[in-house]
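Note sheet for the following structure.
Any read-out appearing in this document is the output of simple, stated calculations on the displayed coordinates, not a laboratory observation. Being a predicted model, the structure only gives us computed values, none of them experimental. When we count neighbours, we look across all protein chains shown, and the Cβ atoms used for this are built from the backbone with ideal geometry, even at glycine.
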Amino acid sequence: MEESPTYVQPRLPYANNALEPAISALTVDYHYGKHEKAYIDNLNHLIKGTEYADMELEDIIRESDGALFNNASQAWNHIFYFFSFSPDGGGEPDGELRKAIDLQFGSFEQFKKDFEEAGTKIFGSGWVWLSRDQDGKLFISQKSNAGNPLTDGLTPLLVFDVWEHAYYLDYQNRRAEALHKLWDIVDWDVVSSRF
Ligand code: MN
């Protein structure tokens, strides 16, 4: 009998076309349906029968390298990315997260500008992250390829994917515009709960 996989791709909490026009249904079909799925399938294949099979995904990310790190981190990053959005998203954060953003970046508008610029300037494929440290201090970090601030001891709050597969079908080479449109769908309730 076939063993069930360790990691099951979580279903999206919205329809594939629900994030339009920021992200098209076609992009979700490929990005969630093919790319994210492949990373999770590869992860399951790589950990099967190894010491990693019983580890938490976050610990695999912290303690592996090479193909296992790449697939584990890409699986985690994509799940985190797609659960950061909602068709009812957009607007502005409030509460403690908003206070921290205003304190750290001067204003919400300035934070968005800094975050977009950091994402636009990543050379090649990667991710731009908002994270916090143990004291609640916020960090914007640029990560190449599968990078994740968990390996820096930080707690991720929000991420935008700057791999071309995330935006090329909808925006071609216009990465800055693709990132800018994502503010319309960010679920600040989810981001705040991570804070
Ligand atoms: Mn991606």
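Only one residue in Phe85, Phe111, Phe115 is buried (at least 17 other Cβ atoms within 10 Å of the Cβ) and out of contact with any Asp or Glu (no Cβ under 9 Å at 6 or more places or on another chain), so which one is that? Even if it seems obvious, please write down each step before you answer.
Working: Phe85 fails: out of contact with any Asp or Glu (no Cβ under 9 Å at 6 or more places or on another chain); Phe111 fails: out of contact with any Asp or Glu (no Cβ under 9 Å at 6 or more places or on another chain).
So the residue among Phe85, Phe111, Phe115 that is buried (at least 17 other Cβ atoms within 10 Å of the Cβ) and out of contact with any Asp or Glu (no Cβ under 9 Å at 6 or more places or on another chain) is Phe115.
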Hey, could you check the stretch 11-46 for residues that are among the hydroxyl-bearing types (Ser, Thr, Tyr) and within 14 Å of the ligand (Cβ to nearest atom) and say which is farthest from Asp184 (Cα to Cα)? Tyr39
Restricting to the stretch 152-167, count the residues that are over 17 Å from Ala38 (Cβ atoms) and out of contact with any helix residue (DSSP H, G or I) (no Cβ under 6 Å at 6 or more places or on another chain). 4
If we keep only residues of the stretch 48-89 that are of a type in the set (S, T, N, Q) and over 17 Å from Ser125 (Cα atoms), then the residue farthest from the ligand (Cβ to nearest atom) is Thr50
